[in-house]
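Take a look at the structure set out below.
The values are calculated or read from the model by the stated rules, or taken from the named source; none is laboratory data. All figures in this text were calculated on a predicted structure; none of them were measured in a lab. Cβ placement follows ideal geometry from the backbone for every residue including glycine, while neighbour counts extend to all protein chains displayed. Surface areas here come from the heavy atoms of the whole protein model, side chains and all, with no ligands, DNA or RNA. Shrake-Rupley method; radii C 1.70, N 1.55, O 1.52, S 1.80 Å.
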Amino acid sequence: MYQVTFIRATHENGRFRPYPTEAYQFWADYGWLVGEVLRQEEGMRFAEIVQACTELLDEHPGREPNTVSEKYIAWCLVKLLEFGMVATVENALDDKPQS
């Protein structure tokens with residue numbers, strides 16, 4: 001069985017990759033929340049992203065949006081994937097039950 005994790009894909013060789021204007025606009029308006037919690041080095045599962053986004057908003061109550069849902073975060077992830085700002089990584093899971 002495989003588990004999909006998400007990583008930030010905005011940098012290449014230590015530099016911010018070029019994107020179309022609409023990608024930057026989406027990032028600034030909506031995608032910043034997901035983008036801020038994702039890292040290049042270590043993938044995050046969807047549930048971890050939701051939790052991290054909630055915690056980030058709790059730390060910065062003045063930022064918009066001030067509340068998020070799983071649907072909103074999923075929508076942001078899909079759009080960021082379309083723009084190439086986020087990538088997926090499949091990790092093999094151990095099928096043996098944990099004891």
- Log entry: pair-distance distribution for the chain, C-alpha pairs binned every 10 Å from zero, whole % per bin is 15, 45, 29, 9, 2, 0
- Query: If you roll a 1.4 Å probe over the heavy atoms of the protein chains, what accessible area per residue do you get for the stretch 8-61, in Å²?
  - Reply: 64
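Which residues make up the longest stretch of the chain clear of GluC sites (Glu not before Pro) that lie in a DSSP loop with no more than 12 other Cβ atoms within 10 Å, not counting the sites?
After excluding every exposed loop site, the longest remaining stretch is 43-99.
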- Query: If you stretched the chain out fully between Glu42 and Tyr2, how much longer would it get, using 0.36 nm times the residue separation minus the C-alpha to C-alpha distance?
  - Reply: 12.8 nm
- Taking Cα atoms only, helix 46-59 is inclined relative to the longest principal axis of the chain by an angle, in degrees rounded to 10, of 40
- C-alpha long axis of helix 70-83 to longest principal axis of the chain, angle in °: 80
- Message: At 222 nm, what value in deg cm²/dmol follows for the chain if DSSP H runs of at least 4 each add -39500 (n - 2.57) and the sum is divided by all its residues, to the nearest 500?
- Response: -12000 deg cm²/dmol
- Message: Where in the chain is the longest stretch that carries no trypsin sites (Lys or Arg not before Pro) classed as loop by DSSP and with at most 14 other Cβ atoms within 10 Å?
- Response: 1-38
- Query: Just Phe26, Phe16, Phe46 to compare: in a GNM of the chain, with alpha carbon springs under 10 Å, which one fluctuates most?
  - Reply: Phe16
- Query: Can you give me the relative contact order of the stretch 1-75 as a percent, contacts being Cα pairs under 8 Å and 6 or more apart?
  - Reply: 33
